[in-house]
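Okay, so here's the structure we're looking at.
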Amino acid sequence: TIDENEHLVLPPPKGALRVHKRMDTRLLTLRLVPGFDDAVIRKIIDSNVETQQLKALVLQLYGTGNIPSVKESFIQLLANAREQGILVIASTQCFTGSVMMGHYAVGRALEQAGVISASDMTVEAIACKAAYLFGRQDLSIDEVGKLFPVSLRGEITPSESLSPPPLADAYELGIRKGKRYF
């Protein structure tokens, strides 16, 4: 037998198919690897001050949305990018799972820097959603950021349907008790 997650099945569309041709694809996707050099990313962001070409920076992070915690300068760089009008979007490199920014200290720091979560969207869905929302030309960058966690066409799983990251509670409890190695 085949078990379906019926709560995730969308109702059929109510109207005719509308094709949106005005897409703004000025975004860059970067897959972070261990030991990445943020100087290259800094160069891209700094060059955007003059050109104002880049609308969104999609970062493929580790696991549930982590980066090396020792890279505080990188988090500041992302905050600067946001201040320059670049929407910074955190996605996961994992095939399954979701970016859960508020569950770990690094994720909370990313949130404070203005980085938004792509939750469980694929990179392709992120690119299409950003291109569509920016292509509308009637939304500010803040409005685009607020629409990202909203499912427009079933591209994102509702947050209440996502499971928490494994061991999140145990890890946080260990950190509060001063335990640094597991």
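The values are calculated or read from the model by the stated rules, or taken from the named source; none is laboratory data. This is a predicted model, so every value here is computed, not measured. Every residue, glycine among them, receives a Cβ derived from its backbone with ideal geometry; neighbour counts consider all protein chains shown. Note: areas computed on protein heavy atoms with side chains; ligands, DNA, RNA excluded. Shrake-Rupley method; radii C 1.70, N 1.55, O 1.52, S 1.80 Å.
How much net charge surrounds LYS55 when only other residues with a Cβ under 11 Å from its Cβ are counted (Lys, Arg +1; Asp, Glu -1)? Numbers along the way, then the final one.
Values: positive: ARG26; negative: ASP24.
Neighbour charge sum, excluding LYS55 itself: 0.
Give me the tail of P(r) for the chain as a percent: Cα-Cα pairs with distance above 22 Å.
On the way: 8212 of 16471 pairs.
So the portion of pairs separated by more than 22 Å is 50 percent.
About the Cα centre of the chain, what is the dipole size in debye to 20, counting +1 per Lys and Arg Cβ and -1 per Asp and Glu Cβ, all else neutral?
Working: 20 positive and 20 negative charges, 53 e Å.
Here the chain has a charge dipole of around 260 debye.
If the chain between TYR62 and LEU152 were fully stretched, how many nm would it gain, using 0.36 nm times the residue separation less the Cα-Cα distance? Show your work: numbers first, answer last.
Working: separation 90, 0.36 × 90 = 32.40 nm, distance 2.57 nm.
Answer, rounded to one decimal: 29.8 nm.
Using 7 Å Cα-to-Cβ label points, what is the GLN84/GLU111 separation (nm, one decimal)?
2.6 nm
Got a number for carbon plus sulfur as a percent of region 21-97's accessible area, 1.4 Å probe?
On the way: 2300 of 4220 Å².
Of all accessible area on region 21-97, carbon and sulfur atoms account for 54 percent.
How much mean residue ellipticity at 222 nm does the chain get from its helices, if each DSSP H run of length 4 or more adds -39500 (n - 2.57) and you divide by all residues, to the nearest 500 deg cm²/dmol?
Details: 6 runs with 63 residues, N = 182.
For the chain, the value works out to -10500 deg cm²/dmol.
Provide the net charge surrounding ARG136, with neighbours chosen by a C-beta distance below 10 Å and charges set as Lys +1, Arg +1, Asp -1, Glu -1.
Details: positive: ARG22; negative: ASP24, ASP138, GLU143.
Once positives and negatives cancel, what remains is -2.
Relative contact order of the chain, please, whole-number percent, based on alpha carbon pairs below 8 angstrom and at least 6 residues apart.
Numbers: 217 pairs, mean separation 38.5, N = 182.
Computed value for the chain: 21 percent relative contact order.
Could you do me a favour and compute the accessible area per residue for the chain, 1.4 Å probe, result in Å²? Numbers along the way, then the final one.
Details: 11650 Å² over 182 residues.
Per-residue accessible area for the chain comes out at 64 Å².
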